[in-house]
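Participant: Input: one structure, supplied below.
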Amino acid sequence: GAASSLLPTVRSRAQIFRVQKEDNPQTEESEAFLLAESMAKAVPSAREYDLVSKTGTLTKDKELFRAVLKELALIFRDACALVAGGESQVTASQAAGYLAQRLTRKKLMALLEAVLEAQAMLERNVNQTLLAAWMCAKLK
């Protein structure tokens, strides 16, 4: 591949990341996708309850929490791309277009950063109830 075209001295000092498409992308019907969609659409709402009410199941199911954060990151990333004039990569996501019409690129980037931070905290075994509350506050 492309790594073999580099000098051995460069290869020995480089860290290699393999990026490939996901074999089984989430379907529209997945619980994580649907929950992420509804959470993302609740972000611009003036009522905090609209977002907080959707996080109840996340506090008890770490795998679902992990999957929802992954989906939210994709939705916010795609909304950023749409605001910048690009195209959405998560074609099933209606929330990305909804957010792109209502939020600035700066706000969308802050949302994406909050989700990435939440992903890191979840992997460090932070209390899921506190993490869900923190995340809602950051997303608002």
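Participant: It is to be established whether one or more residues within the stretch 45-60 are in a loop (DSSP other than H, G, I, E, B) and buried (at least 16 other Cβ atoms within 10 Å of the Cβ).
Facilitator: Looking for residues that are in a loop (DSSP other than H, G, I, E, B) and buried (at least 16 other Cβ atoms within 10 Å of the Cβ), one finds at least one in the stretch 45-60, hence yes.
Participant: Right, here's the next one. Taking into account only those residues within the stretch 47-71 that are modelled with pLDDT of 95 or more and among the hydrophobic types (A, V, I, L, M, F, W, C), which is farthest from the chain's Cα centre (by Cα)?
Facilitator: Looking at residues that are modelled with pLDDT of 95 or more and among the hydrophobic types (A, V, I, L, M, F, W, C), I get L64.
Participant: Which condition number in (1) surrounded by 14 or more Cβ atoms within 10 Å (Cβ to Cβ); (2) touching a residue at least 12 places away in the same chain (Cβ under 8 Å); (3) farther than 14 Å from A42 by Cα is the one that L139 fails?
Facilitator: Going through the list (1) surrounded by 14 or more Cβ atoms within 10 Å (Cβ to Cβ); (2) touching a residue at least 12 places away in the same chain (Cβ under 8 Å); (3) farther than 14 Å from A42 by Cα, L139 breaks only (3).
Participant: Please verify whether the stretch 120-128 includes one or more residues that are touching a Ser or Thr at 6+ places or on another chain (Cβ under 6 Å), free of Cβ contacts under 8 Å to residues at least 24 places away in the same chain and in a helix (DSSP H, G or I).
Facilitator: No, that holds for no residue.
Participant: What pairs come out if I take residues in the stretch 34-62 that are under 20 Å from L103 (Cβ atoms) and pair them with residues that are modelled with pLDDT under 90 and surrounded by 20 or more Cβ atoms within 10 Å (Cβ to Cβ) whose C-beta lies under 9 Å away, six or more apart or interchain?
Facilitator: Partner pairs satisfying both residue conditions: A36/S93; E37/S93; A40/S93.
Participant: What tally of residues in the stretch 87-119 results from selecting those that are without any contact (Cβ under 8 Å) to a residue 40 or more places away in the chain, more than 27 Å from K60 (Cα to Cα) and open to solvent by 70 Å² or more (accessible area, probe 1.4 Å)?
Facilitator: Qualifying residue count, the stretch 87-119: 8.
The values are calculated or read from the model by the stated rules, or taken from the named source; none is laboratory data. Bear in mind that the values here come from a model prediction, so they are computed numbers and not experimental data. For neighbour counting, all protein chains shown are included, and Cβ atoms are generated from backbone atoms with ideal geometry for every residue, glycine included. Protein only, heavy atoms only, side chains kept; ligands, DNA and RNA dropped before computing areas. Shrake-Rupley method; radii C 1.70, N 1.55, O 1.52, S 1.80 Å.
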